[in-house]
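Just below is one structure, and these are the notes that go with it.
The values are calculated or read from the model by the stated rules, or taken from the named source; none is laboratory data. Given the structure is predicted, the values throughout are model-derived calculations rather than measurements. Cβ atoms come from the backbone with ideal geometry, glycine included; neighbour counts cover every protein chain shown.
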Amino acid sequence: MSGLATVVRSGVGRRRVQTVVIALSAFLAVTAAVLAGSLLAASKAPFERSFAAQNGAHLSALFDGGRVTGAQAAATAHAAGVAESAGPFAVVTQTPRLPGGMGLPPLTIAGRDRPGAGVDRVTIVQGRWPSAPGEIAVVDGPGLGDELTFADLPGSPAFTVVGRVRSASSSADAWVVPSAIPSLTSPGSVPGRQMLYRLTAATTTAEIDSERSVVAAMVPAGSLLGSQSWLTLKQAADRNSALFVPFLVAFGLLGVVMAILSVGGVVSGAVGAATLRIGVLKAIGFTPAQVVRAYLGQALIPAGIGIVLGAVVGSVLAVPLLKQTEDVYESSGSGVAPWVGLVVVAVAVAVVAGTAWLAALRAGRLRTADALAIGRAPVAGRGRRAAALSGRLPLPRPVTLGLAQPFARPGRLTAMVATVVFGAASVALAVGLAGTLGLIETARTHDTAPVSVDAFGAGGRFGPGGQVAGPGERSAGQNAGTGTGAAGQNAGAGTGSTGQTAGPGTGPGGQPGSGSAGKQADPLAGGGPSAAKVESVIDAQPGTKASYGMVEAPATLAGVTGEVDVVGYSADPRWAGFEMTEGRWFAGPGEAVAPTPLLTAAGAKIGDTVIATVGGHRIPLRIVGELFSTRNQGMQLFTDLSTLSAAIPDVTPSEYRVAVAPGIDLDAYVNKLNTALQPLGLGAMRNPASHSDVLLALDTLTLFLTVMLVAVAALGILNAVVLQTRERVRELGVHKAIGMTPRQAVTVVLSSVVLVGVVGGVAGVPAGVALHRVLMPAMGASAGIRLPRALLEVYHPWLLLLLAAGGLVIAVVGALLPAGWAARLRTATALRTE
Amino acid sequence: MPVIEVHGVTRRYGEGPPALGDLTLTVEPGEAVAILGPSGSGKSTLLNLIAALDRPDSGTVTVAGVSLDRIGEAAAARYRRAHIGMIFQFFNLLDDLSVAENVVLPARLAGMGRAEAARRAATLLEALGIDRHASAYPGRLSGGERQRVAVARALMNEPTVLLADEPTGALDSASGQEVRRLLTDLNREGQTLVLVTHDESLAAQCASRTVRLMDGLIESDVTVGADR
């Protein structure tokens, strides 16, 4: 073995702690970077990627099965402008209920024998595709193994959920095998026929509309019941994902930066601590180039092992992480991109080689005499003032000894503080993000009520066990969250004989079965029980804490293209999660609040009056507040019910939300309320909108990434303290020889990081808070909305103190291992060390 | 012809008085020269210049015909491989290499074959009485044993000049005596020796010529009979 190889081999093999720390730092840093890079990649146009991966349908159409034959529907595949198609698929809409009678919103169910049908290749997220009658795959809501019963159908057919799936085209809410459709068809009705199209030109609404017309002309007039454009889905998905992209990008970038700092710091620290060794090597004949090569080898060998392992493990861990990301973005197909691992490996190798090369070059260029002198007495003159100052403190001597130690190496001290600053900033940012995102999720849907009441609840006239939807009526779903396929539909007037829903759709809010009509057939038609009557029944129910009724009516607004919703409330709904960005809540008739997108579209501000045309009635509304809301893409006006009833006397709430007192058994409450509401033709159910999988996914992501970043920071401290302790091993031996106990030795080492931890925490937390303050508004701006200040106020004083203390925790955790080594070190061995 | 020629050399650290001020010195082949003086007199600085561990601010240094005053680091390393054997006060062994690996290292750097280097190292270790420690690591050895390893390492490439900087400074008297005997024997065999020390008795025992430095200047340069 050549002299160079001998030095490299011994440097790697004999300096095991350093080797392990370099390998571990590289491993953790690369793992974090691969995860972070995968997140960044997944955050780039998630809907488009998902849509492309699934070969999504640019246009979906639902034909009246009683008037359009299968052949006629299939023939539309040859329409000019259609590049690819799938179908026809039989489609029905039915309302299931869970065991125990709990009702669910209506589901649009399509019959398909396999998920990959050419167009709209549905992704199986969990479980499998149905393979027999009695099995069903759903987009959201029920879990695997749940049994859904359709009690209003003959024989009450039951289906077991065997799969949870995702369709970027939102072509249905659930799928069964085609042979199961007859059992799901109401007597006397015919399933609709669904066709899915990929178009040659589908980049603008005009192009989609044109193709819709071509398709409609190929079937009997009026038999196209509804259609959905992918552009509408994209718009809603982009607005949804835009809110979270900055968060994931920020964490992704933080992960990459931490990785670079960590590995670079460890490697340069290892080389920097070897000045004496470098001096000796040069004294016996190593040229500077040989010194550099020796240290490159000593760094790259363990780092290389860590890098490769980190890339593999990071790619494996990215799979469940990306699944969480898909939950956030409601996308699919976010597989681990191989290029992420390759780029990370290349950058990591470059960072390790670069920092080792720079550090070794610096040391190699030192005059040999200087290297020997510096390496022999690195602390000469430095840190003496700190040692003198700390010696005067009224603290135990081991503590004061430890407090002064880091000052002997100002460069290393700075790096340690920087490491803790980054770690503490990461934790502070993560905590703030989690807090704000939780508040955002609550505020943007403002639907936290645990119980909802409408005609589709268990006892309602459209619910399970209730009255079947009659001809001419469309079955309406729950409010769909941020926007649904319904927004893009040209829903045909009426649905023919069967009450089948006019089209598929599940909005990005993940509300099952909520797309399609998304709204009542005519919310202004009245005929329902009065708000006062319903609320008196609800209020009389033991356990009721608060309630409100609401009606959502389509409207047009002068100067605004497209439809807006006007939502009227019968009571104060603010407890359900509403947050004002500016101004105040409406206090009486004629006043309204609106989200930023609507105000922007209408060119209106607080104090202005807008004219909404609702059901042909012109209703002036004075804007008194700007509200944070992303439902219906923010195109809504919120006002008092009396404002609507002044113009439309018959209008009544179509839905109610109920808050219950703490400690109440919710299932029992819902059952009792159902019984009480049944005479009014209404039913109660658990409100699915009150639970957010998005929040769970975000919290999991945040926790995972924060743990990784903190681990990287702690490892950086570990490395620095190991170097520090090894440099002072002889000094430690002298202390032990004159009576320092192992416990006192531990105290010295741990005390040496106290100031680092405190200063790092105190500096890092404000940095994290500042980043939070910058990031959150950026998130809102990217989604075209303004975030209320209340959503940013998540850092309570006690929380800030706790976070600052986290810096100390990171530093102490990193110092534990070297402290243990110092305690176990034999005095004789320490004294014999040069 | 002198093997070491130092002419008008000055070396200054910072703003204070020079560590060496316009110093001139020559050493003939086979001489054993002791550089004496109190701390701060410039002894180690002079040794570092002769070993090309440092460069003078002015003047010339020539050793074995190689001009060292403007030499680059790479050339300095090759010069040391070829002409210099260094013995340090605190041994400066690489503690992650075994004794044998420490000793062969300069020879391997100079291009000597593995087998030949191993043979020479074994011979040296045996001659120095530490062959039984060949596979041990320096941390296990006593100070005297470590210094003997350092001597073996310094002799591997048959240096033109053996430089020793306070070679017994970190040793007990018995170990120190062993090292003194070693150095004396080496010089008797013709090895040119330059020894830096503040120990008068070491200088008297090992050197035939004593150069006394004070404040960077030669105070006296006396050739004496060595007490062998």
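Can you confirm whether the stretch B:50-61 contains a residue that is more than 10 Å from every other protein chain (Cβ to nearest Cβ), small (Gly, Ala, Ser) and either under 12 Å from the mean Cα position of the chain (by Cα) or within 25 Å of B:THR26 (Cα to Cα) (or both)? Checking the stretch B:50-61: at least one residue is more than 10 Å from every other protein chain (Cβ to nearest Cβ), small (Gly, Ala, Ser) and either under 12 Å from the mean Cα position of the chain (by Cα) or within 25 Å of B:THR26 (Cα to Cα) (or both). Candidates are the residues of the stretch B:31-54 that are under 11 Å from B:ILE4 (Cα atoms) and in a loop (DSSP other than H, G, I, E, B); the one that is modelled with the highest pLDDT is B:GLU31. Figure legend. Inter-residue proximity from the stretch A:338-359: first residues closer than 16 Å to A:MET258 by Cα and touching a residue at least 40 places away in the same chain (Cβ under 8 Å), second residues part of a helix (DSSP H, G or I) and hydroxyl-bearing (Ser, Thr, Tyr), beta-carbon distance below 8 Å, spacing 6+ or different chains. Indicated pairs: A:THR355/A:SER268.
Within the stretch A:611-646, if we keep just the residues that are farther than 21 Å from A:GLY784 by Cβ and of a type in the set (Val, Ile, Thr), the residue that is surrounded by the fewest Cβ atoms within 10 Å (Cβ to Cβ) turns out to be A:ILE611. Going through (1) within 14 Å of chain A (Cβ to nearest Cβ); (2) out of contact with any Pro (no Cβ under 7 Å at 6 or more places or on another chain); (3) of a type in the set (Asp, Glu) one by one, B:GLU5 falls short only on (1).
Within the stretch A:286-298, residues that are within 12 Å of another protein chain (Cβ to nearest Cβ) reach partners that are assigned to a helix (DSSP H, G or I) and not hydrophobic (A, V, I, L, M, F, W, C) with beta carbons closer than 6 Å, at six or more positions or on different chains, in the pairs A:PRO288/A:GLY364; A:PRO288/B:GLU73; A:VAL291/A:GLY364; A:VAL292/A:GLY364; A:GLN298/A:GLY11.
Inspection of the stretch A:60-74 identifies at least one residue that is of a type in the set (D, E, K, R), crowded, with 21+ Cβ neighbours inside 10 Å and either in contact with a Ser or Thr (Cβ under 8 Å, 6 or more places away or on another chain) or farther than 30 Å from B:LEU109 by Cβ (or both). Within the stretch B:96-140, can you find the residues that are aliphatic (A, V, I, L, M) and either touching a strand residue (DSSP E or B) at 6+ places or on another chain (Cβ under 7 Å) or surrounded by fewer than 15 Cβ atoms within 10 Å (Cβ to Cβ) (or both)? Within the stretch B:96-140, just B:ALA115 meets the criteria.
Just one of the numbered conditions (1) under 22 Å from A:ALA790 (Cα atoms); (2) in contact with a helix residue (DSSP H, G or I) (Cβ under 6 Å, 6 or more places away or on another chain); (3) surrounded by fewer than 24 Cβ atoms within 10 Å (Cβ to Cβ); (4) modelled with pLDDT of 85 or more is not true of A:ALA434: (4). Residues of the stretch A:524-555 that are among the hydrophobic types (A, V, I, L, M, F, W, C) and part of a strand (DSSP E or B): A:ALA546, A:MET550, A:VAL551, A:ALA553, A:ALA555. Would you check if B:ALA107 is among the small types (Gly, Ala, Ser), under 14 Å from B:ALA154 (Cα atoms) and facing chain A (nearest Cβ under 9 Å)? Spelling it out, B:ALA107 is indeed among the small types (Gly, Ala, Ser), under 14 Å from B:ALA154 (Cα atoms) and facing chain A (nearest Cβ under 9 Å).
Condition (residue is surrounded by fewer than 18 Cβ atoms within 10 Å (Cβ to Cβ), on the phi > 0 side of the Ramachandran plot, in a strand (DSSP E or B) and in contact (Cβ under 8 Å) with a residue 24 or more places away in the chain) applied to the stretch A:591-610: is it met by at least one residue? Checking the stretch A:591-610: not a single residue is surrounded by fewer than 18 Cβ atoms within 10 Å (Cβ to Cβ), on the phi > 0 side of the Ramachandran plot, in a strand (DSSP E or B) and in contact (Cβ under 8 Å) with a residue 24 or more places away in the chain. For B:LEU46, the criteria (1) crowded, with 24+ Cβ neighbours inside 10 Å; (2) at negative phi; (3) touching a residue at least 24 places away in the same chain (Cβ under 8 Å); (4) facing another protein chain (nearest Cβ under 9 Å) hold in every case but one, which is (4). A single member of A:GLY814, A:GLY784 is on the phi > 0 side of the Ramachandran plot, away from chain B (no Cβ under 14 Å) and either buried (at least 18 other Cβ atoms within 10 Å of the Cβ) or modelled with pLDDT under 85 (or both), and it is A:GLY784. When the test is whether a residue is facing chain A (nearest Cβ under 8 Å) and buried (at least 17 other Cβ atoms within 10 Å of the Cβ), B:LEU93 passes it.
Scanning the stretch B:184-208 for residues that are more than 15 Å from B:ALA164 (Cβ to Cβ) and touching a Lys or Arg at 6+ places or on another chain (Cβ under 8 Å) yields a count of 1. Residues of the stretch B:62-79 that are part of a loop (DSSP other than H, G, I, E, B), within 14 Å of chain A (Cβ to nearest Cβ) and either touching a Leu at 6+ places or on another chain (Cβ under 6 Å) or closer than 26 Å to A:GLY3 by Cα (or both): B:LEU68, B:ILE71, B:GLY72. Looking for something of a type in the set (S, T, N, Q), assigned to a loop (DSSP other than H, G, I, E, B) and surrounded by 21 or more Cβ atoms within 10 Å (Cβ to Cβ) - is there at least one such residue anywhere in the stretch A:743-752? So far as the stretch A:743-752 goes, yes, one or more of its residues are of a type in the set (S, T, N, Q), assigned to a loop (DSSP other than H, G, I, E, B) and surrounded by 21 or more Cβ atoms within 10 Å (Cβ to Cβ). Restricted to the stretch B:80-90, and to residues that are assigned to a helix (DSSP H, G or I) and within 7 Å of chain A (Cβ to nearest Cβ), which residue is surrounded by the most Cβ atoms within 10 Å (Cβ to Cβ)? Ranking the qualifying residues of the stretch B:80-90, first place goes to B:ARG80. If the condition is being among the small types (Gly, Ala, Ser), assigned to a loop (DSSP other than H, G, I, E, B) and either more than 31 Å from the chain's Cα centre (by Cα) or crowded, with 22+ Cβ neighbours inside 10 Å (or both), then the stretch A:556-590 contributes A:ALA558, A:GLY559, A:SER570, A:ALA571, A:ALA587, A:GLY588, A:GLY590. Within the stretch A:133-188, the residues that satisfy the criterion of being at positive phi and free of Cβ contacts under 8 Å to residues at least 24 places away in the same chain are A:GLY145, A:SER156.
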